[in-house]
1. With (1) at pLDDT 95 or above; (2) over 30 Å from Asp104 (Cβ atoms); (3) hydrophobic (A, V, I, L, M, F, W, C) as the list, and Ala165 as the residue in question, which single condition is left unmet?
2. Looking only at region 44-63, filter to residues that are under 17 Å from Phe162 (Cβ atoms), touching a helix residue (DSSP H, G or I) at 6+ places or on another chain (Cβ under 6 Å) and not hydrophobic (A, V, I, L, M, F, W, C); which one of those is surrounded by the fewest Cβ atoms within 10 Å (Cβ to Cβ)?
3. Among what's in region 94-117 and is open to solvent by less than 90 Å² (accessible area, probe 1.4 Å) and part of a strand (DSSP E or B), pick the residue that is nearest to Ala30 (Cα to Cα).
4. Consider only pairs whose beta carbons are under 8 Å apart and that are at least six residues apart or on different chains; among these, list those whose first residue lies in region 48-69 and is on the phi > 0 side of the Ramachandran plot and whose second residue is buried (at least 18 other Cβ atoms within 10 Å of the Cβ) and assigned to a loop (DSSP other than H, G, I, E, B).
5. I'm trying to understand the selection: among the residues of region 121-137, which are in a helix (DSSP H, G or I), buried (at least 17 other Cβ atoms within 10 Å of the Cβ) and of a type in the set (Gly, Ala, Ser)?
6. Is it the case that region 64-82 has a residue that's under 19 Å from His121 (Cβ atoms) and either at pLDDT 95 or above or open to solvent by 40 Å² or more (accessible area, probe 1.4 Å) (or both)?
7. Check region 25-43 and report whether any residue there is at pLDDT below 95, out of contact with any helix residue (DSSP H, G or I) (no Cβ under 8 Å at 6 or more places or on another chain) and over 25 Å from Leu99 (Cα atoms).
8. Can you report the number of residues in region 57-73 which are over 28 Å from Glu109 (Cα atoms), part of a loop (DSSP other than H, G, I, E, B) and touching a strand residue (DSSP E or B) at 6+ places or on another chain (Cβ under 7 Å)?
Amino acid sequence: MDAVSTCEVPVVPEVHPAVLRRHSPMAFDADAEIGDAALDTILDAGRLAPSAGNSQPWAFVVGRRGDGVHARIVRHLAGSSARWAPDASAIVVNLARVLVEDTDWEYSEFAHYDLGQAVAHMTLQALSIGFDAHQFRAFDRDAVAAEFGVPREWEVTSMTAFGVAAHAPGTVAGVARERRNRDDVTWARARGDERR
């Protein structure tokens, strides 16, 4: 059976450049704009992410710097995120569907996992079209839910700031880029020559 791929496959597997470039900027270019086409593409990447049983337990509140939705989001940021997030070109509030409507039944035990996948897809899509992303949780979740009339079956979970980093990766004081190595993050694995 032949595999079909829409990505060019290198002879020697390598980490995708967008993954290598990804970082969480703590400063954004306050002059960088993001257009509707770019935002639509980022949202489509999230919309097309996989989810358990195709449940798609995600929704987004999208504020572009300078518009009314952005202003409503920014007023609920914590002090730490209020120092840098408003300069991003857009802030997206990430919501997880946690309950079946009008019940106390869990919508999907994988809702938060699936939302995380959607946001990861959005992050990599943004990188592929020239925008950096910083996912964060420093804001008043209850206030954001009240601000946008989020019903109880949805949970305001996190936010993502999208924009152009004002500093190169690793140049912002106090922000580390070090990662644990592959052996440290691999709990168990039989390598190809050990599979007997």
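The values are calculated or read from the model by the stated rules, or taken from the named source; none is laboratory data. This structure is a prediction, so every number in the text was calculated from the model and none was measured. Don't worry about glycine lacking a Cβ; one is built from the backbone with ideal geometry, like all the others, and counts go over all protein chains shown. Just the protein is used for accessible areas: all its heavy atoms, side chains included, with ligands, DNA and RNA removed. Shrake-Rupley method; radii C 1.70, N 1.55, O 1.52, S 1.80 Å.
1. Among (1) at pLDDT 95 or above; (2) over 30 Å from Asp104 (Cβ atoms); (3) hydrophobic (A, V, I, L, M, F, W, C), Ala165 violates only (1).
2. Looking at residues that are under 17 Å from Phe162 (Cβ atoms), touching a helix residue (DSSP H, G or I) at 6+ places or on another chain (Cβ under 6 Å) and not hydrophobic (A, V, I, L, M, F, W, C), I get Gly63.
3. Of the residues in region 94-117, the ones open to solvent by less than 90 Å² (accessible area, probe 1.4 Å) are 94-100, 103, 107-108, 111, 114-117.
Cutting the leftovers down to part of a strand (DSSP E or B) gives us 94-97, 99.
Details: Asn94: 22, Leu95: 26, Ala96: 29, Arg97: 32, Leu99: 38 Å.
Selected residue: Asn94.
4. What qualifies is Gly53/Ser108.
5. Ala126
6. The initial filter retains those residues of region 64-82 that are under 19 Å from His121 (Cβ atoms), namely none.
No, that holds for no residue.
7. Yes, there is a match, as at least one residue in region 25-43 is at pLDDT below 95, out of contact with any helix residue (DSSP H, G or I) (no Cβ under 8 Å at 6 or more places or on another chain) and over 25 Å from Leu99 (Cα atoms).
8. Number satisfying all stated conditions: 1.
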